[in-house]
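In what follows, a single structure is set out as structure tokens and then discussed.
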Amino acid sequence: MTSTTAVVTILALLIAQAAPARRVKVRVFVSLSEYYGTIYVRPPSNGADHVLLRGQPLSTRLSIVNDGEDQEVRLRPSQSAPFKVQVVAEGSAKPLAQGVVAQSAFLRAGSLQKPGGLPTTLKQRESLQWDATVPAFQQLPAGLYRVKADAQVESTIGGPPEVNNDHLVIELRDVTGQAERVELMRVNATRAFRNGNLTQTEAAAQQLLAAYPQSAFAYMLIGDVAKARNDASAARAAYIRASELLRGRGDTLFTAVATDHQISETIDALELRISSLGR
Amino acid sequence: MKRTGITWRTGVAIAACTIFSSLTFVTRAQQEPPCPSSPSSTQVQGSLGVNQQSEPYAIDLLPCEEVVVALTGSASNHPSGNANMRLTIRNAAGQTLAVNNFLCGQSCSTSVPLPNTYPGYLLPGTRGVEGLAKDVIVNAGIFNWFGTPPATYTLTITKQPRQEYNRGGTGFDNAPLIQKGVKQYGSVHPSEPGQFYKVHVGAGESIHARGRFRGPDTLHSSNFTIRVYDSAFVEKKLIINALAAIDWVSFPAANANPLFYTFTNTGPEGDFYLKLKAGAYVARDFEFYVTNDPKLSLFLDVDNNFNPSSPDSDDDIFVPGSDPATGLSLPLPAAGSTLIDGQSVKVIAAYTADHGSVVPPPPGVTQAFLLLDQVSRFAGIAMNYGAITDPDFLLVDGVVTFGADYTGRTILEIHDYGGRAIVKAQAGPGPSVATMNLPKDTVGNNWVPDAGWKATANGQVIETVSDGGQAQGVDADSAPAGNGTNGDGIVFFEEYRGIVVRNEHRRTDPAIKDLFVYSNLSDILGDQGLGDALSLPLTKHRIFLSEMGPGFTITPSYVNPGYGGDVPGHFPQQALKVIDGGWGPGTKYGEAWVLGPPAPRSLAIEVYDEFIMHASPFTNSRTLPEEYDVPKLRQTLGHEIGHGINIDHNTNVTIMVTSYFPVWDVNNPTTVLPWQGIPHHYDSADLAQIRLR
């Protein structure tokens with residue numbers, strides 16, 4: 001194949017894929033609305049998408065997206081709630097817990113996010129999002145669970161929305177050892193930082209360090225708090241301490257489950273933070 | 001003999017036409033004399049006394065001509081005078097072919113032959129000289145009292161060409177080989193040994209002659225026969241024996257038993273001879289063709305235009321589940337069904353002659369029995385859609401009745417985009433069977449239609465793929481070359497059978513590597529949720545969760561408990577699973593866990609979109625969309641998907657760079673600010689690592 005032919009072929013492929021048929025598509029997406037990954041415990045297993053430790057809330061995000069080309073779609077509820085959320089054990093159909101879908105929704109349109117709800121009109125690329133919680137999830141025994149969401153929405157284009165995905169598989173683990181306890185502390189501290197509560201973050205990080213003094217991630221959070229407070233010196237010190245712990249493989253709970261690649265990437269992330277503080 | 005001026009001019013015209021014909025049919029002219037393209041007419045004059053005979057006037061009729069000789073004359077100046085006269089057309093041996101005795105008075109006008117007389121009118125040419133007019137003579141007998149010899153007369157010899165007539169042989173030795181289904185025309189005189197043809201008959205093949213003939217006039221019937229002889233000139237069978245006067249009689253008779261008019265070659269294939277013979281009176285005209293027994297045939301009609309007059313089977317263009325007009329796959333079955341609808345595919349059973357046309361079924365045969373044999377039962381209907389292992393094709397009816405157009409039809413249900421089967425039909429007593437492979441697969445016998453297929457994406461044809469006979473299990477996609485490992489984990493047959501992508505069935509291109517990605521990040525960026533990975537030189541397909549099998553497999557439905565077995569060479573190719581990891585651990589923007597393939601993937605790629613929003617300037621808000629959120633999200637998607645196809649980190653500033661941004665050096669304001677240099681391209685080093693299996 002000549003280079004010209006190759007370019008033409010590649011362009012044709014790109015065009016073919018970048019220019020789907022002009023059809024209105026309303027699609028359902030389900031994701032977690034709150035998740036902090038895994039650091040001190042094994043990543044998800046047995047096909048699970050996420051790991052939640054007992055004590056971590058299960059909060060999902062349910063989205064309906066106008067994935068079509070250029071037409072508006074009018075949406076209205078077919079039931080009282082826009083979604084029906086249930087939890088079943090993986091491989092079973094028996095509902096074990098029901099979800100509670102928030103009354104309020106967000107309309108996302110490009111860079112804008114504003115309150116929304118049904119009925120509504122979705123323009124191209126706009127989405128309507130709800131959060132849902134499953135309060136009884138924490139009462140379930142450890143195991144694999146499928147969190148399933150069925151849209152109860154009608155659209156002007158007829159038929160139910162297409163389903164990009166209608167479920168997530170969550171691995172619920174009990175907190176049985178130091179790794180899980182430390183992980184839960186890390187998650188709590190990270191959640192506080194995510195929510196912008198620096199004081200609570202700092203306290204949670206200190207609590208984590210008290211329980212596990214080798215936690216590089218506790219120092220990273222302390223550094224993030226300091227940086228948010230424009231205390232570059234304190235931030236640098238915390239980041240350097242975190243980096244040293246990782247380089248020296250001092251954070252044994254992390255290095256026990258992490259790959260070299262992950263350790264290396266985390267060190268890189270710390271270096272980037274340190275560099276971003278300037279001299 | 002004296003030519004008239006008119007006759008001379010006609011003779012010039014005939015000569016010119018003959019030259020033209022010779023030029024036009026130069027090839028045929030080497031085998032036999034050309035036939036004149038237009039009539040000719042010759043006039044001669046003479047006079048005869050009592051009991052005198054004229055000289056012979058030449059006719060020299062060609063086998064492809066017919067002739068009539070008209071006479072005008074006078075035998076007396078007195079109104080009551082006359083003379084007995086006779087006109088005779090003779091063959092080369094001087095034997096009479098046609099004669100007319102008449103009384104000529106003061107003036108007379110007649111012809112030989114006369115209309116509706118036993119020689120036939122016009123007198124036909126024949127293949128043998130025994131029936132072929134050579135000359136004409138005039139006789140004068142006794143004149144009565146008022147008769148005034150000599151009788152004077154003018155003869156007009158008119159010859160009409162009959163193209164394609166009498167092209168058989170005069171014996172076994174010069175019988176031409178004729179093709180089945182090609183009509184032959186002629187006349188045969190009782191004094192001829194017959195007209196001879198040669199035909200090739202296969203071992204076990206049955207043939208018969210089909211056509212019509214007629215005799216000379218209303219009062220005399222010709223006994224027309226056709227006999228079959230073997231290569232030793234031994235008569236094998238009388239297959240036609242019929243009588244006809246002036247009206248056409250068809251053979252074989254409508255209700256005749258095929259046993260009587262059919263010759264079956266019980267020996268090895270070879271040449272046989274047909275002798276056409278007339279008894280009692282001339283067979284003025286015959287036309288016939290040799291055909292074999294009507295055989296049961298099967299046709300496929302995928303575009304609803306089957307025409308029994310010129311039957312054509314669509315099995316050579318049939319691709320299960322594809323629109324024959326566009327090549328695009330038909331929509332997926334309705335929920336709960338495996339029937340791929342929207343395409344009316346009919347199986348048609350009919351008897352045909354070997355010249356192709358549909359003919360009536362044999363007497364007593366009204367139905368055909370149909371069944372499907374060697375049916376595949378692939379799981380689902382495409383490589384990643386469904387798990388049911390029911391038969392991939394179904395016939396709506398197992399028995400079809402031959403209708404007014406002599407066809408029996410039923411619907412073929414398509415339950416798989418890559419199904420295979422053999423349709424079998426049987427009708428009537430004995431081994432009257434027909435088979436048809438679906439789809440037609442004579443090239444490579446590799447389960448792939450000879451017609452090839454259209455590779456599609458997003459409702460568009462992106463490539464026309466031909467079947468080069470590759471084995472089913474070959475996986476040789478070579479573009480892009482990547483790290484030199486050919487293949488994309490989807491073998492040749494699987495590329496044809498196709499994969500469902502966002503509720504759309506697609507067949508793929510076996511030359512271009514295909515990448516399948518599932519993501520629960522919505523496509524609000526208009527890039528199919530692939531971010532900067534959209535620019536990878538692969539064919540990329542974003543699939544729904546339900547379109548991915550256990551362990552992220554993209555071709556889980558490779559099992560076939562039906563005929564043929566599982567897909568040979570199947571490879572457990574994985575899609576990339578990309579999930580929204582929310583904030584994630586708070587240290588990075590995404591996680592691919594493993595670099596691969598060949599390393600198998602057991603964990604989803606995670607993209608931490610909340611953390612990307614938080615980390616990007618200027619407010620560090622995780623909920624307020626800002627300037628760098630989208631480009632960073634796109635680059636992260638491209639980066640992690642890049643890891644998913646074996647691209648490692650790059651020290652150059654590409655999508656695969658480890659530390660994404662130039663460091664902001666507060667002491668060097670000329671340095672590019674962080675976040676402003678987000679890379680959106682792969683370099684050649686990145687692309688040279690691509691590996692899909």
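Bear in mind that the values in this text are calculations on the coordinates, not laboratory data. Model, not experiment: these values are computed from the prediction. A quick note on method: Cβ atoms are made from the backbone with ideal geometry, for glycine too, and the neighbour counts reach across all protein chains shown.
Some observations on this one:
- Across the stretch A:182-241, Cα-Cα pairs more than 18 Å apart make up 23 percent of the total.
- Candidates A:GLU265, A:GLU154, A:GLU162: whichever shows maximal mean-square fluctuation once chain A is modelled as a Gaussian network with Cα springs under 10 Å: A:GLU265
- The stretch B:538-553 residues near the modelled B:ASN503 label - backbone nitrogen below 15 Å, point 7 Å along Cα→Cβ: B:543-547
- Per-residue Cβ neighbour counts within 10 Å put B:LEU637, A:LEU253 in the sequence A:LEU253, B:LEU637, beginning with the fewest.
- Degrees separating the helix B:629-644 axis from the principal Cα axis of chain B, which is the longest one: 70 degrees
- Considering only A:ALA105, A:PRO213, A:GLY91, the residue lying farthest towards the positive end of the dipole of chain A is A:ALA105, judged by Cα position with unit charges set on Cβ.
- Sorted by Cβ density within 10 Å, fewest first, the residues A:SER63, B:SER38, A:SER33: B:SER38, A:SER33, A:SER63
- Cα centroid separation, the stretch B:122-143 to the stretch A:214-243 (Å): 128 Å
- Rounded to the nearest 500, the helix-only mean residue ellipticity at 222 nm of the protein assembly as shown stands at -5000 deg cm²/dmol, with each DSSP H run of n ≥ 4 adding -39,500 (n - 2.57).
- By the Cα gyration tensor, the stretch A:36-110 has an equivalent ellipsoid whose semi-axes, rounded to whole angstrom, run 30, 18, 13 from largest to smallest.
- Per-peptide average of other Cβ atoms within 10 Å, ordering B:136-148, B:183-195 highest first: B:183-195, B:136-148
- All C-alpha to C-alpha distances of chain B, sorted into 20 Å bins beginning at zero, yield P(r) values of 15, 28, 21, 17, 13, 6, 2, 0 percent in whole numbers.
- Partner shielding of A:264-275 amounts to 4, given as the average count of beta-carbon atoms from other chains within 10 Å of each residue beta-carbon.
- Per-residue ³J(HN,Hα) for the stretch B:69-74, Karplus 6.51 cos²θ - 1.76 cosθ + 1.60, θ = phi - 60°, Hz, x for Gly and Pro: 10, 9, 10, 10, x, 8
- P(r) of the stretch A:80-192 over all Cα-Cα pairs, binned every 5 Å from zero, in whole percent: 2, 9, 15, 18, 17, 15, 12, 7, 3, 1, 0
- Annotation: amide H of B:SER37 has no partner in the under-5 Å range at sequence separation 5 or more or interchain, hydrogens built in the peptide plane.
- Counting Cβ atoms of other protein chains within 10 Å of each residue's Cβ and taking the mean over peptide B:144-150 gives 0.
- Value of Rg to Rh for the stretch B:505-597, rounded to two decimals, is 1.02; Kirkwood radius and Rg both from alpha-carbon coordinates.
- Between the helical axis of A:198-211 and the longest alpha-carbon principal axis of chain A there is an angle of about 60 degrees.
- With all pairs of different C-alpha atoms in the average, the Kirkwood value for the hydrodynamic radius of the stretch B:239-368 is 19.0 Å.
- Dipole size of the stretch B:131-216 about its Cα centre, with +1 on Lys/Arg Cβ and -1 on Asp/Glu Cβ: approximately 360 debye, rounded to the nearest 20.
- Phi angles of the stretch B:48-56 translate, via the Karplus equation with coefficients 6.51, -1.76, 1.60 and θ = phi - 60°, into HN-Hα couplings of 9, x, 5, 6, 10, 10, 6, 5, x Hz per residue; Gly and Pro are given as x.
- Prolate/oblate/rounded call for the stretch A:175-215, Cα gyration tensor, a/c under 1.5 rounded: oblate
- Taken residue by residue and averaged, Cβ atoms of other chains lying within 10 Å of the Cβ of B:586-595 number 6.
- Chain B: angle of helix B:5-24 to the longest principal axis, Cα-based, in degrees nearest 10: 30 degrees
- Normalised convex hull volume, chain A, alpha-carbon set, Å³ per residue: 203 Å³
- Extents of the stretch B:184-291, largest first, come to 45, 30, 19 Å (Cα atoms, principal axes, whole angstrom).
- Evaluated at q = 0.12, 0.15, 0.18, 0.19 Å⁻¹, the base-10 log of the normalised Debye intensity for the stretch B:66-202, with identical point scatterers placed on the Cα atoms, takes the values -0.57, -0.76, -0.95, -1.02.
- Amide H contacts of B:LYS540 (H built 1.01 Å from N, under 5 Å, at least 5 apart or other chain): B:LEU515
- Sorted ascending by nearby beta carbons within 10 Å, beginning with the fewest, B:TYR558, A:TYR219 become B:TYR558, A:TYR219.
- Calculated on C-alpha atoms, the gyration radius of the stretch A:148-268 divided by its Kirkwood radius gives an Rg/Rh of 1.17.
- D_trans [Stokes-Einstein, Kirkwood Rh over alpha-carbon pairs] for the stretch B:278-320, 4 °C, 1.567 mPa s, µm² s⁻¹: 91 µm²/s
- For the stretch B:348-396, the pair-distance distribution built from all alpha carbon pairs, in bins 10 Å wide starting at 0, is 20, 30, 22, 18, 9, 0 percent.
- For the protein assembly as shown, the Cα-based Rg and Dmax, in that order, read 46.3, 162 Å.
- For chain B, averaging the sequence separation of C-alpha pairs within contact (under 8 Å, six or more residues apart) and dividing by the residue count gives a relative contact order of 8 percent.
- Projected area averaged over orientations for the stretch B:238-302, convex hull of C-alpha atoms, nm²: 7.4 nm²
- With Cα atoms defining each centre, the stretch B:289-322 and the stretch A:105-159 are spaced 54 Å apart in the structure.
- The alpha-carbon of A:LYS123 sits under 22 angstrom from the alpha-carbons of these lysines, leaving out residues fewer than 8 places away in its chain: A:LYS25, A:LYS114.
- With each label modelled as a point 7 angstrom along the Cα→C-beta vector, the B:SER47-B:SER478 pair spans 9.8 nm.
- Shown in residue order for the stretch B:226-237 are the 3J(HN,Hα) couplings computed by the Karplus curve 6.51 cos²θ - 1.76 cosθ + 1.60 at θ = phi - 60°: 10, 10, 9, 10, 8, 5, 8, 6, 8, 5, 9, 6 Hz (x for Gly and Pro).
- Percent of alpha-carbon pairs separated by more than 25 Å within the stretch B:535-657: 35 percent
- The Cα trace of the stretch B:291-400 gives Rg and Dmax of 16.5, 51 Å, the first to one decimal, the second as a whole number.
- For the protein assembly as shown, the Cβ-based charge dipole about the Cα centre amounts to some 1520 debye (Lys, Arg positive; Asp, Glu negative; other atoms uncharged).
- Among the listed pairs B:LYS198/B:LYS237; B:LYS295/B:LYS440; B:LYS134/B:LYS159, those with a Cα-Cα distance over 18 Å are B:LYS295/B:LYS440.
- For chain B, the residue among B:ASN650, B:VAL182, B:GLY46 whose Cα projects farthest onto the positive side of the dipole built from Cβ charges is B:GLY46.
- Farthest towards the positive end of the charge dipole of chain A, among the residues A:TYR145, A:ILE274, A:GLN129, is the Cα of A:GLN129, using unit charges on the Cβ of Lys, Arg, Asp and Glu.
- Scattering profile of the stretch B:75-137 at q = 0.13, 0.20, 0.25 Å⁻¹ [log10 I(q)/I(0), Debye over alpha-carbon scatterers]: -0.41, -0.76, -0.98
- Interchain or long-range residues, amide H under 5 Å from B:LEU395's placed H: B:GLU413
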